[in-house]
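Each remark here refers to the structure printed beneath this line.
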Amino acid sequence: MADLFAPIINAFKIAELRKKIIFTAAIIVISRLVAHIPVGGVDLNQLRALFASNQLLGLLDIFSGGTLVNFSIISLGLNPYINASIIMQLLTMIVPKLEALSKEGEMGRQIITQYTRYLTVPLSLVQSIGMVTLLKNQGILNSISPLQVFSIMVGMTAGTIFLMWLGELITENGIGNGISLLIFAGIVTRLPVVLTQTVTVVDQTQIINYLIFLGLFVLVVAGVVYVNEGRRQIAVEYARRFIGGRETGGNKTYLPLRVNQAGVIPIIFAISLVLIPSFLGGFLSSANQPQLSFLGHWLNANFSPQGLIYNLVYFGLVVGFTYFYTAVIFNPTKIADEVKKSGAFIPGIRPGSATAAYLNYILVRVTLAGAIFLGLIAILPSLASQVTGITTLILGGTGLLIVVSVIMDTAKLFESKLVERSYEVFLSRGNSR
């Protein structure tokens with residue numbers, strides 16, 4: 001653990017990195033302060049009682065960092081932005097113009113990011129309508145005027161845009177991925193509340209069950225570290241050349257393929273989608289038409305954390321998004337072209353298309369292990385809660401996965417920045433001589 005935090009500690013010794021760390025911490029503090037600014041017209045006591053009795057709402061509250069239970073202006077969190085990112089990435093693979101933009105380098109990515117921001121606004125409005133409708137059906141938003149409903153929708157949408165802006169500020173001027181860090185901060189601030197709720201209901205007859213959860217905690221941490229550090233090393237050799245009577249090249253290196261290329265993103269994507277049926281069920285169950293009401297009750301019954309369909313869909317979404325996001329961030333054809341241009345080759349494999357096919361062959365099989373691991377981690381807390389009867393820790397596995405993954409990715413980023421800094425210092429000293 002000391003080695004994990006060593007890069008962060010050493011980074012404080014460098015003025016530039018220290019500024020980035022302080023800036024990131026300040027933005028996170030601002031986001032947590034805004035999380036306590038409530039939207040008017042809501043009975044917070046009734047709202048907290050509702051979230052305490054509904055595990056799905058509690059799940060959403062964890063990933064919003066406790067903003068929903070306070071009905072903050074950032075109650076929607078980053079879910080609309082994440083959904084917009086999913087839609088844009090899907091469209092990039094379908095729409096030729098967007099696919100062409102994605103291949104135009106940094107300028108094309110900036111345009112796609114701008115489209116994602118635009119799409120976040122209507123998605124925020126739609127989700128705010130769903131939240132207002134849900135609270136109305138539960139009797140929490142009583143006798144409010146249409147103007148008040150509109151103000152709530154605008155306030156929640158503006159809060160999401162503000163939170164998205166904070167995340168982008170961290171990405172541009174701070175350390176790490178801003179969106180992931182804000183989600184990480186929200187989970188960390190809510191985990192003590194969840195643990196406190198668990199401790200207050202401790203029963204001597206359930207001590208064994210809590211020990212089981214403690215064992216799962218250790219296994220999840222060890223598993224996340226092991227899988228995230230897992231690599232499939234592919235040997236790459238450089239062709240020998242004779243330049244000026246000297247032999248150059250012939251070196252051998254390795255191309256590392258991570259077991260979990262997608263990191264924590266598939267979990268975040270899957271969470272955003274797996275909650276939709278339950279919210280839709282809550283909306284339809286109060287409908288006047290029998291068919292819609294029946295569909296709503298069926299969705300409520302099957303898309304709860306204890307439901308078999310919920311866990312199967314959740315697992316499938318995580319596996320699917322793992323493959324999807326891996327395909328987005330790792331292009332075997334592009335890697336094969338770069339290997340060929342550098343005068344390198346994989347022993348026994350022809351350069352070009354054959355190398356791309358080989359890399360894709362390896363990647364599909366390596367990613368399968370990472371995808372199954374992420375899927376199991378996602379549904380493990382739900383399965384464990386059914387066995388032990390402890391429901392307050394149902395979110396432990398998923399939240400812990402995100403926390404550990406973000407800490408590891410950020411620590412590696414610190415380490416890379418330190419290495420980069422050491423090279424700059426070395427070169428500057430060499431030039432001064």
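The values are calculated or read from the model by the stated rules, or taken from the named source; none is laboratory data. In this text, all values refer to a predicted model and were calculated from it rather than measured experimentally. Heads up, the Cβs are rebuilt from the backbone with ideal geometry, glycines too, and the neighbour counts pull from every protein chain shown. With ligands, DNA and RNA removed, areas are computed over all heavy atoms of the protein, side chains included. Shrake-Rupley method; radii C 1.70, N 1.55, O 1.52, S 1.80 Å.
Taking the conditions exactly as written (buried (at least 18 other Cβ atoms within 10 Å of the Cβ) and in contact with a Phe, Trp or Tyr (Cβ under 7 Å, 6 or more places away or on another chain)), does Ala327 satisfy them or not? No; evaluated as a whole, the condition is false for this residue.
Looking for something of a type outside the set (Gly, Ala, Ser), open to solvent by 70 Å² or more (accessible area, probe 1.4 Å), within 28 Å of the chain's Cα centre (by Cα) and closer than 17 Å to Leu257 by Cα - is there at least one such residue anywhere in the stretch 333-354? Scanning the stretch 333-354, I find at least one residue that is of a type outside the set (Gly, Ala, Ser), open to solvent by 70 Å² or more (accessible area, probe 1.4 Å), within 28 Å of the chain's Cα centre (by Cα) and closer than 17 Å to Leu257 by Cα, so the answer is yes. Within the stretch 331-345, residues that are closer than 22 Å to Met93 by Cα and modelled with pLDDT of 85 or more reach partners that are part of a helix (DSSP H, G or I) and among the β-branched types (Val, Ile, Thr) with beta carbons closer than 7 Å, at six or more positions or on different chains, in the pairs Ala336/Thr355.
Taking the criterion of being surrounded by fewer than 17 Cβ atoms within 10 Å (Cβ to Cβ), of a type in the set (A, V, I, L, M) and modelled with pLDDT under 80, the only residue of the stretch 140-179 that qualifies is Ile144.
For the stretch 262-280, filtering for residues that are modelled with pLDDT under 75 and over 26 Å from Ile372 (Cα atoms) leaves 1. Residues of the stretch 282-302 that are open to solvent by 60 Å² or more (accessible area, probe 1.4 Å) and hydroxyl-bearing (Ser, Thr, Tyr): Ser286 alone. Restricting attention to the stretch 303-315, the residues being open to solvent by 40 Å² or more (accessible area, probe 1.4 Å) and part of a helix (DSSP H, G or I) number 5. Here is the figure for the stretch 93-103: residues that are assigned to a loop (DSSP other than H, G, I, E, B) and under 14 Å from Lys334 (Cβ atoms) total 1. Taken over the stretch 44-77, the criterion of being among the aliphatic types (A, V, I, L, M), out of contact with any helix residue (DSSP H, G or I) (no Cβ under 6 Å at 6 or more places or on another chain) and modelled with pLDDT of 80 or more is satisfied by no residue.
Using the structure shown, decide if Val318 is under 18 Å from the mean Cα position of the chain (by Cα) and either at pLDDT below 80 or not in a helix (DSSP H, G or I) (or both). Considered against the rule, which asks whether it is under 18 Å from the mean Cα position of the chain (by Cα) and either at pLDDT below 80 or not in a helix (DSSP H, G or I) (or both), Val318 comes out as no.
In this structure, is Leu90 at pLDDT 85 or above, open to solvent by 30 Å² or more (accessible area, probe 1.4 Å), part of a helix (DSSP H, G or I) and under 19 Å from Leu275 (Cβ atoms)? Judged against the criteria, Leu90 is not a match.
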